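Data block below; observations after.
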Number of protein chains: 2
Amino acid sequence: MEQVDLNEKFALFDEYWTPKIAGELNGQYVKLAKLKGEFVWHQHENEDELFMVIKGSLKIKLKDKDIDLNEGQFLIIPRGVEHLPVAEEECHVLLFEPKSVLNTGNVKNEKTTEKLDII
Amino acid sequence: MEQVDLNEKFALFDEYWTPKIAGELNGQYVKLAKLKGEFVWHQHENEDELFMVIKGSLKIKLKDKDIDLNEGQFLIIPRGVEHLPVAEEECHVLLFEPKSVLNTGNVKNEKTTEKLDII
């Protein structure tokens, strides 16, 4: 058992839209991801998802509004809600979600990451 | 659905060792707590627990070692592991744990908080 330093972990990878597993508890993963640009509209049928911005800022587009997230802010997106993350500049986020979550939810494309690395 | 700003939420309360519910997802709570001083040795039989330091620093004493947590660091304490949080100065932490968790785990005393406020 040891502490996890977010900045040290973020320094270990450069890829965007490729969540890394930084912790596991109660059937959930703590994931870290670097985001830049626009992702893909998707939803998770059975899982709520938390985005917390550690560095930079992130826009979460929803069908009826946009939500801006800055450092020190988080958003919980309930299951079934379509969303599109957009990061104008590089953004570092922490995700909390069940182990079963696929990053692109109900969509499979070139951004889908089936197997996540542990860092 | 709206974003949660950690600093805004921490400004809403002053009590120590009294976690507040700041979010709920997948049967888990995101809780915020201000800590100062020494808590009580306890363990959670069925729940893993995550402590993330948002401000200040926190020592988690375990039976075989101490782990120091600073801003931007988290620790996952597996179920069944006895621990004692100690904060020399006021410390702000985010907790992520199942809704069933009682703050003092297997111990009940004056620090036990049965019903948590939502902030």
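Observations
- In the assembly of identical copies, B:Lys108 has its label point, taken 7 Å from Cα in the direction of the beta carbon, separated from the corresponding points by 5.1 nm (ascending, one decimal).
- Taking 0.36 nm per residue of separation and subtracting the Cα-Cα distance, full extension of the segment from B:Asp117 to B:Glu2 would add 39.5 nm.
- Average other protein chain Cβ within 10 Å of Cβ, residues A:54-61: 1
- Accessible surface of A:Glu89, taken over heavy atoms with a 1.4 Å probe and every protein chain present, rounds to 130 Å².
- Taking only the C-alpha atoms of chain B, the Rg (one decimal) and the largest Cα-Cα distance, Dmax (whole number), read 13.3, 43 Å.
- Distribution of pairwise C-alpha distances over the stretch B:1-68, 5 Å bins, in %: 3, 11, 22, 26, 18, 13, 5, 1, 0
- GNM remark for chain B: springs join alpha carbons under 10 Å apart, and the peak mean-square fluctuation among B:Lys36, B:Lys63, B:Lys20 falls on B:Lys63.
- The same position B:Val40 in the other copies lies at 5.1 nm from this copy, comparing label points 7 Å beyond Cα toward the beta-carbon, shortest first.
- Evaluated with a Cβ-only charge set (Lys, Arg +1; Asp, Glu -1), chain A carries a dipole of roughly 200 debye about its Cα centre, given to the nearest 20.
- Accessible area (Å², 1.4 Å probe, nearest 10) - B:Ser57: 60 Å²
- About its Cα centre, the dipole of the stretch B:16-76 is roughly 320 debye, where the only charges are +1 on Lys and Arg Cβ and -1 on Asp and Glu Cβ.
- Computed accessible area, A:Tyr29, all protein chains, 1.4 angstrom probe, square angstrom: 40 Å²
- Per-copy distances of the B:Asp68 label point, shortest first, in nm (7 angstrom along Cα→Cβ): 3.8
- Largest to smallest accessible area among A:Lys115, A:Lys55 [probe 1.4 Å]: A:Lys115, A:Lys55
- By the Cα gyration tensor, the protein assembly as shown has an equivalent ellipsoid whose semi-axes, rounded to whole angstrom, run 30, 18, 17 from largest to smallest.
- Within the protein assembly as shown, helix-based [θ] at 222 nm, where runs of 4 or more DSSP H residues each add -39,500 (n - 2.57), nearest 500: -1000 deg cm²/dmol
- Whole-Å distance, taken between Cα centres, linking the stretch B:22-85 and the stretch A:1-23: 19 Å
- Charge dipole magnitude, Cβ of K and R +1, D and E -1 - the protein assembly as shown, Cα centre, debye nearest 20: 320 debye
- Taking the convex hull of Cα positions in the stretch B:56-119, its mean projected area over all directions (nm²): 5.3 nm²
The values are calculated or read from the model by the stated rules, or taken from the named source; none is laboratory data. These figures come from a predicted structure and were not determined experimentally. We place every Cβ from the backbone using ideal geometry, glycine too, and count neighbours over all the protein chains shown. Surface areas here come from the heavy atoms of the whole protein model, side chains and all, with no ligands, DNA or RNA. Shrake-Rupley method; radii C 1.70, N 1.55, O 1.52, S 1.80 Å.
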